[in-house]
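Only one structure is covered here, and it is reproduced in the block below.
The values are calculated or read from the model by the stated rules, or taken from the named source; none is laboratory data. Computed from a predicted structure; not experimentally measured. Surface accessibility is based on the protein's heavy atoms, side chains included, excluding ligands, DNA and RNA. Shrake-Rupley method; radii C 1.70, N 1.55, O 1.52, S 1.80 Å.
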Amino acid sequence: KYVLPAIWNHNQALHSHPEFKNYYRVDSSENVMNPYDTLKHKYHAQFMIDLKNEEAESEENGVIQDGTAAMFAYKELLYGKENAKPEIKQQLLNYCELDTLAMMIIWEHWRRL
């Protein structure tokens, strides 16, 4: 995950790859975004609110974008409120899909070298 932004930002051929193109976005400054920052669906379960701290005050706090949030989300999926479970499930599927694609992006980059 730490290597992905460097590869993604500097290998433009990956941006048009059929499997990866959905994660190509640029921010308001025209910088290529980290694919994990493109996860759009918000997750507003109570555990995410409880996790807020000085570093996570932004709206993005409601998006599962890392392993820690995914673990808490999985726990919430198992033991949380029923009405939140469809959103949690979708968040986890989106995150896991991108996690797998991240490995494929890195592999494809190395393959093309």
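Applying the set (1) open to solvent by 80 Å² or more (accessible area, probe 1.4 Å); (2) acidic (D, E); (3) at pLDDT below 90 to E19 leaves exactly one unmet item: (3). Residues of region 78-95 that are open to solvent by less than 70 Å² (accessible area, probe 1.4 Å) and within 21 Å of Y36 (Cα to Cα): E87, I88, Q91, L92, N94, Y95.
Against the list (1) farther than 30 Å from R112 by Cα; (2) modelled with pLDDT of 90 or more; (3) outside any helix (DSSP H, G or I), the condition Y43 fails is (2). Scanning region 1-23 for residues that are under 27 Å from Y74 (Cα atoms) and outside any helix (DSSP H, G or I) yields a total of 5.
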